[in-house]
1. So which residues in region B:3-42 are within 30 Å of A:ARG314 (Cα to Cα), surrounded by fewer than 16 Cβ atoms within 10 Å (Cβ to Cβ) and within 13 Å of DNA strand C (Cβ to nearest atom)?
2. Being outside any strand (DSSP E or B) and within 11 Å of chain B (Cβ to nearest Cβ) is the filter here, so list the residues in region A:277-296 that pass it.
3. For region A:197-236, how many residues are assigned to a helix (DSSP H, G or I) and exposed (fewer than 15 other Cβ atoms within 10 Å of the Cβ)?
4. For region A:67-94, which residues satisfy the criterion of being more than 9 Å from chain B (Cβ to nearest Cβ) and surrounded by fewer than 19 Cβ atoms within 10 Å (Cβ to Cβ)?
5. With respect to A:VAL274, is the statement that it is assigned to a strand (DSSP E or B) and either more than 10 Å from chain B (Cβ to nearest Cβ) or out of contact with any helix residue (DSSP H, G or I) (no Cβ under 8 Å at 6 or more places or on another chain) (or both) true?
6. What number goes with the only condition from (1) of a type in the set (Val, Ile, Thr); (2) within 10 Å of chain B (Cβ to nearest Cβ); (3) within 16 Å of DNA strand D (Cβ to nearest atom) that A:VAL39 does not pass?
7. For residues that are within 30 Å of B:SER119 (Cα to Cα) and among the hydrophobic types (A, V, I, L, M, F, W, C), scanning just region B:28-64, find the one that is nearest to the chain's Cα centre (by Cα).
8. Return yes when A:GLU105 is in contact with an Asp or Glu (Cβ under 7 Å, 6 or more places away or on another chain) and either assigned to a loop (DSSP other than H, G, I, E, B) or within 16 Å of DNA strand D (Cβ to nearest atom) (or both) and no when it is not.
Number of protein chains: 2
Amino acid sequence: MCEEVGLYTIRDIARLAGVSVATVSGVLNNKPTIKPKLVARVKKAMDALDYHPDHVARSLRVRRTLTVGIVIPDVTNPFFTDVIRGVEQEAQSAGYSVILCDSNEDAELERRNLAILFSRRVDGVLLAPTSSPSAHESRMHQRFPIVVIDRVPIGFSGPAVMTDNFAAAHEGTRHLIKLGHRRIAIITGQLALSSGLDRLEGFRKALQEERLALPDEYLQHGDFQSESGYRCGLDLLRLPSPPTAVFSCNNKMTLGLMRALREVHVICPDAVSVLGFDDFEWSAYFNPRLTTIAQPTYEMGKQAMQLLLRRLQRSDGDQAGTETVLRLKAELRIRDSTAPPFCGGEEIKQFVDVSTQS
Amino acid sequence: MCEEVGLYTIRDIARLAGVSVATVSGVLNNKPTIKPKLVARVKKAMDALDYHPDHVARSLRVRRTLTVGIVIPDVTNPFFTDVIRGVEQEAQSAGYSVILCDSNEDAELERRNLAILFSRRVDGVLLAPTSSPSAHESRMHQRFPIVVIDRVPIGFSGPAVMTDNFAAAHEGTRHLIKLGHRRIAIITGQLALSSGLDRLEGFRKALQEERLALPDEYLQHGDFQSESGYRCGLDLLRLPSPPTAVFSCNNKMTLGLMRALREVHVICPDAVSVLGFDDFEWSAYFNPRLTTIAQPTYEMGKQAMQLLLRRLQRSDGDQAGTETVLRLKAELRIRDSTAPPFCGGEEIKQFVDVSTQS
DNA sequence: TTGAAAGCGCTACCAC
DNA sequence: GTGGTAGCGCTTTCAA
């Protein structure tokens, strides 16, 4: 029946209020030059018809959509949903809407999503890129402001906000070392991504500072997916001389690693300590409770959106502006999955300060 | 410098290809009446300029945006992100984009989000409503097709897709009963939501079938938030005669419940069994591994989007159509958090068939 | 088969 | 201060 309920236009309002469309438009845009009396009349008419201005028409006219796109590899990963939440919050309060695109860790899909977003004339984009080196060379990057989050492809330059992965990994590794571990392994992410490389480098640095070796077989190349954590974990545990501690570079891989541990009946932290990158609501309920490096996810989303908004503000012109890169500080959350090594075949010596957190 | 890169219009293409704009438009819309030769020429011109048609202008003209909105109470809840993933997938392959709105469990925000989506002239909306009874009376529900997911407010009628909560709760509770539990408590969600009420009813039914009592103090009213699970859990555990099993009606509340258990040093499942509604990737890594009722989340998202798309297809006219309600089947995943009751002060008798799953 | 022109709902300019 | 009107980029008659 009332299918076309409420599809009124500015002209309907104008007619009902007995003014011109220009006046109605003025009211919509809070033009201060319109007499209060008219404003009231127009508003009354709007209320009467429950009028909601057509954002599409407006966008076409003013050449701004008040819309941003966010392209992420996996909506299902709690890391990204926390980020999204921050973005959403910030967007809403600035009057923006956000179009969500899941690129499914697929560079081609990412490219296509960016094209779609361009067609839809979003004002800007937040992008957590896939690892494909070619993706960021797309022409889309010239089309609208992009703020990269979490991870930048090696060689990319432009505005970005992420965790200070180097420092975080360094701190986490130091925690392991202070516990007394000497044989420490790492399961890395893609090294073509800053988040992958920086974490490895922070890890390396901490080892070097203590003159600890990193045998090739302790350096396992993962890809941030659960499966790789599992596979690498298995490889490590089956080594003739397995590590006494493992640093897993993201939440998914930690999951895989824990599965591997369970499968070969290696008890954590008794036989091997586990330090995971990424914290999540459930970390404290694991068996054992997971020691993690918590990224400031929500904050990351907020900051990224704010950064993007600032770019959009700036006269909509020179996007070339400053190439801001924000590095947010992570937080080490020590729980039960890390402990001093258990008679690991080697010297368990020196005072072990478990409570250290610095 | 090249700020305005690629903002070409259909006229630019027409000029370059030496045809009229109508022809270009025809090519864009795959009109079969255009000579292949011209099509080729136009396409070449498009490629040359890397032309991407303005979706905004198109939307204004054809009065369809190929956009849907999804309004959910919490992007951060893995239940919803799995749903979103299903929606996204289905939307992408149908050429739709999705605008994400987090209503933060706030009825007023939900209402506002719906209004914004209407202004943006989305073709339809997927809505996981808050519990406020008034929300679904909004005029917005007359404006565009809405498919409700997960939970419908009591009294709502319209297309919806959700889990068969009654059956799922019934099956889960039977599992507890078969393990030998007699003193079984429940922590419910909002009973003004179908998901809250139906789970309670399924639970009740299973109890009644076995002539088991449900004392008032075993019926704890939660609100699907972690905090309420914690509070209700504490109340239950401090009862003079505490239950030997607790059924928690969603993932967040289960989390709170586990926290309560830990806090009062009650061992699960030795002292009390826990059955949680909602499964997630991490359930199997909890201490203990959680027995859960897994909803078909991804499927729910897919089905909901498909249902919506079908509505949109149907001549864009009679939305009044059938009031389809899909009830998807859940799956009981038995793990370690449920076990036979431990000399709970009462008779532990009869044969206990732990492996049952029917 | 192709092209010219009207118009989607809004804003912004200019004339009153 | 207010109103008439051109035009944002596209689709879609209708005429040629």
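The values are calculated or read from the model by the stated rules, or taken from the named source; none is laboratory data. On a predicted model such as this, the values are computed, not experimentally measured, just so you know. Please note: Cβ atoms are built from the backbone with ideal geometry, for glycine as well, and neighbour counts cover all protein chains shown.
1. Kept after step one, since they are within 30 Å of A:ARG314 (Cα to Cα), are these residues of region B:3-42: B:3-12.
Restricting the remaining residues to those that are surrounded by fewer than 16 Cβ atoms within 10 Å (Cβ to Cβ) gives B:3-7, B:9, B:11.
Those that are within 30 Å of A:ARG314 (Cα to Cα), surrounded by fewer than 16 Cβ atoms within 10 Å (Cβ to Cβ) and within 13 Å of DNA strand C (Cβ to nearest atom): B:THR9, B:ARG11.
2. To start, the set of residues in region A:277-296 that are outside any strand (DSSP E or B) comprises A:278-285, A:287-290, A:295-296.
Selection gives A:PHE280, A:GLU281, A:TRP282, A:SER283, A:ALA284, A:TYR285, A:ASN287, A:PRO288, A:ARG289, A:LEU290.
3. Residues of region A:197-236 assigned to a helix (DSSP H, G or I): A:197-209, A:216-218, A:226-236.
With the extra rule that they be exposed (fewer than 15 other Cβ atoms within 10 Å of the Cβ), the set shrinks to A:208-209, A:216-217, A:227.
Here the count works out to 5.
4. Within region A:67-94, A:SER93, A:ALA94 qualify.
5. On the way: assigned to a strand (DSSP E or B): yes; either more than 10 Å from chain B (Cβ to nearest Cβ) or out of contact with any helix residue (DSSP H, G or I) (no Cβ under 8 Å at 6 or more places or on another chain) (or both): yes.
Judged against the criteria, A:VAL274 is a match.
6. (2)
7. Within region B:28-64, the first condition is being within 30 Å of B:SER119 (Cα to Cα), and the residues that meet it are B:28-30, B:51-64.
After this cut, where a residue has to be among the hydrophobic types (A, V, I, L, M, F, W, C) as well, the list is B:28, B:56-57, B:60, B:62.
On the way: B:LEU28: 36, B:VAL56: 29, B:ALA57: 33, B:LEU60: 31, B:VAL62: 31 Å.
The selected residue is B:VAL56.
8. Details: in contact with an Asp or Glu (Cβ under 7 Å, 6 or more places away or on another chain): yes; either assigned to a loop (DSSP other than H, G, I, E, B) or within 16 Å of DNA strand D (Cβ to nearest atom) (or both): yes.
Spelling it out, A:GLU105 is indeed in contact with an Asp or Glu (Cβ under 7 Å, 6 or more places away or on another chain) and either assigned to a loop (DSSP other than H, G, I, E, B) or within 16 Å of DNA strand D (Cβ to nearest atom) (or both).
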